[in-house]
Each structure stands twice: as structure tokens, then as C-alpha cells.
Amino acid sequence: MRRALELFLVQLRASVMLAAQYRLDFVLDLVIGSFWTVAAVLPLFVVYGGPSKAGVPGWTFGETLLVVGCFITLQAVIDGAISPSLTSVLDHVRKGTLDFVLLKPHDSQLLVSTSRFQPWRVAGLVHASVVFGLGFSKLGHGPSLLGVAEALLLLAVSTLMLYSLWLLIVSVSFFAVKVDNLSSLFTSIFDAARWPASVFRGGFRFVFTFVIPLVVMTTFPAEALLGRLPPLTLLASVGGALLFALAARLVWLASLSRYTSAGG
């Protein structure tokens with residue numbers, strides 16, 4: 001565990017040093033992210049402020065903003081920490097250069113998962129904080145300390161789930177030549193996470209809770225901030241994330257056995 005932490009810090013430091021050479025990127029990410037944040041929030045004004053004012057069943061405007069805030073937070077995590085590292089695996093497998101990773105005296109999954117970060121994508125957290133602030137201002141009160149603690153735990157759980165899902169997608173590259181479309185498809189599906197769970201009906205509710213757990217990633221943390229998440233749901237979410245991580249680990253190890261390297 002100590003060696004893994006040391007490796008993570010070394011890889012993170014290298015990414016920060018590289019990013020420091022292009023400090024303007026933070027400003028650009030901040031500006032571009034502002035437009036994306038507006039694009040994420042604008043549909044809510046249409047849904048809640050249109051002629052019908054139907055809204056989302058069971059959710060007020062302020063409460064739905066908390067879901068959007070969780071969505072923006074996780075999007076920043078994907079863009080800054082998960083996607084940059086794992087998408088590079090696709091090129092390694094395609095070119096047969098994964099050998100250089102496998103020959104190093106560290107766990108291959110850890111190496112590929114921490115190979116690259118984009119620190120300036122932390123700008124997304126600034127936008128998320130603005131949305132959270134707007135949401136609580138509409139509600140007229142802030143979250144409790146317990147609610148914040150539960151929400152942070154669920155966001156960590158969500159990060160683990162997102163990482164596991166990305167690792168599963170990347171593992172497909174050992175069996176198929178091109179999986180770029182698959183990662184793009186997941187990105188498109190993840191956009192649905194900006195809406196509360198009550199939007200999904202029937203089979204979609206089941207899929208987005210247990211197969212691609214978008215509900216766990218954004219709706220549950222928002223409910224924790226609102227103080228209405230059942231303790232059993234919190235425990236089940238943690239257990240589900242650990243199962244996702246174990247499945248991703250087993251699939252990754254099985255996929256490595258299919259790798260034939262550049263000279264295979």
C-alpha cells in the first residue's frame with residue numbers, strides 16, 4: 001500500500017509539473033467550463049419555468065440543482081483523473097507498446113491508472129461549487145455536517161464506480177481493435193446523470209441503478225445533502241462500488257492474458 005501511494009504521488013507530481021508549463025490552460029478550462037455549466041443548468045429553467053412548470057417529479061428546482069452539482073463534480077473527476085490515464089491504454093494495446101508498462105516492477109493496473117492527470121480540470125469543481133451554492137440558496141438552508149459527510153463518501157464511491165466502468169471499457173481493447181466508440185457511448189450515457197432518479201422509469205430505472213449506476217453517482221449524494229438518504233442505501237452503495245471494483249480487477253487481469261505485445 002505504501003509503495004502504491006508513493007507511486008501515485010510521483011505520477012501526480014509529474015502531471016502537475018507538466019501542467020505548470022501551460023498555466024493558461026486553467027483559465028481556458030475555467031472559461032470553457034462556465035459555458036458547459038450554463039448548458040447543464042439551462043434545461044432546468046426550461047423544465048421548471050416553462051408554461052407547464054412540470055418540473056421533475058418529487059424534486060424542486062433547488063434540489064435538482066444539487067444533482068447537477070454532483071454531475072459536474074464527477075465530470076471534472078472523469079476529465080481530470082480517470083479518462084486521461086485509461087484512454088492511453090487503448091493506444092498502448094493497439095501499438096503493442098504496453099510491454100513498457102508490464103516490464104516495470106509495479107502493478108500494471110496502478111501504473112496505467114495513474115500515468116497521466118490533467119490538474120487544471122479542477123476548474124470543474126469551481127463550477128460545481130457555484131451550482132451547489134445556487135441550489136442551497138433556492139432551498140433557503142444549507143446541508144448538515146452529516147449530510148456533507150455522507151455526500152462526500154458517496155462521491156468517493158461514485159468515483160470508484162466510474163473508474164471501474166472505465167477500466168472495464170478499456171479491458172475490451174484486448175479483445176477488439178477499436179473501442180473508441182464504446183467510450184464515447186458511455187460519455188453520452190453519463191450525461192443522463194444530470195437528472196434525478198425519478199426521471200427514469202421501468203427498465204431504465206433498473207439499468208441506471210444496478211448496471212450503469214448513474215442514480216448512485218448523482219441522485220444519492222444529492223439526497224444525502226438533503227438529509228433524506230436511508231442508511232441502508234448508503235451501505236448498499238458502498239458494497240456495490242466494492243463489487244464493481246473487484247469485477248473490474250478480475251476482468252483486467254483476464255484481459256492481460258490476451259495481450260500478445262508488439263512482437264507477439
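Quickly run through the stretch 186-232 and pick out the residues that are among the polar types (S, T, N, Q) and surrounded by fewer than 22 Cβ atoms within 10 Å (Cβ to Cβ). Residues satisfying the conditions are T187, S188, S198, T209. Whether a residue is surrounded by 13 or more Cβ atoms within 10 Å (Cβ to Cβ), over 29 Å from G58 (Cβ atoms) and either within 14 Å of the chain's Cα centre (by Cα) or aromatic (F, W, Y) (or both) was assessed, and S183 passes this test. Residue count for the stretch 210-238, restricted to those that are in a helix (DSSP H, G or I), under 27 Å from G142 (Cα atoms) and not aliphatic (A, V, I, L, M): 8. Restricting the stretch 180-209 to residues that are among the charged types (D, E, K, R) and assigned to a helix (DSSP H, G or I), the residue that is nearest to L139 (Cα to Cα) is R194. Taking the stretch 97-145 and the helices (runs of 4 or more DSSP H) fully enclosed by it, the elements with 1 or more residues that are of a type in the set (A, V, I, L, M) and at pLDDT 80 or above are at 108-113, 123-139.
When the stretch 224-258 is examined, which residues are found to be touching a residue at least 24 places away in the same chain (Cβ under 8 Å) and among the charged types (D, E, K, R)? Result: R249, R258. In the stretch 157-170, is there at least one residue being surrounded by 13 or more Cβ atoms within 10 Å (Cβ to Cβ), under 20 Å from T64 (Cα atoms) and either in contact with a Gly (Cβ under 8 Å, 6 or more places away or on another chain) or not basic (K, R) (or both)? For the stretch 157-170, residues surrounded by 13 or more Cβ atoms within 10 Å (Cβ to Cβ), under 20 Å from T64 (Cα atoms) and either in contact with a Gly (Cβ under 8 Å, 6 or more places away or on another chain) or not basic (K, R) (or both): present.
Just one of (1) assigned to a helix (DSSP H, G or I); (2) charged (D, E, K, R); (3) at pLDDT below 75 fails for E63. It is (3). For the stretch 95-124, name all the residues that are among the basic types (K, R) and under 25 Å from the mean Cα position of the chain (by Cα). Correct list: R116, R121.
The values are calculated or read from the model by the stated rules, or taken from the named source; none is laboratory data. Note that the structure is a prediction, hence the values are computed from the model and not measured. No Cβ is skipped: glycine too gets one built from the backbone with ideal geometry, and neighbour counts run over all protein chains shown.
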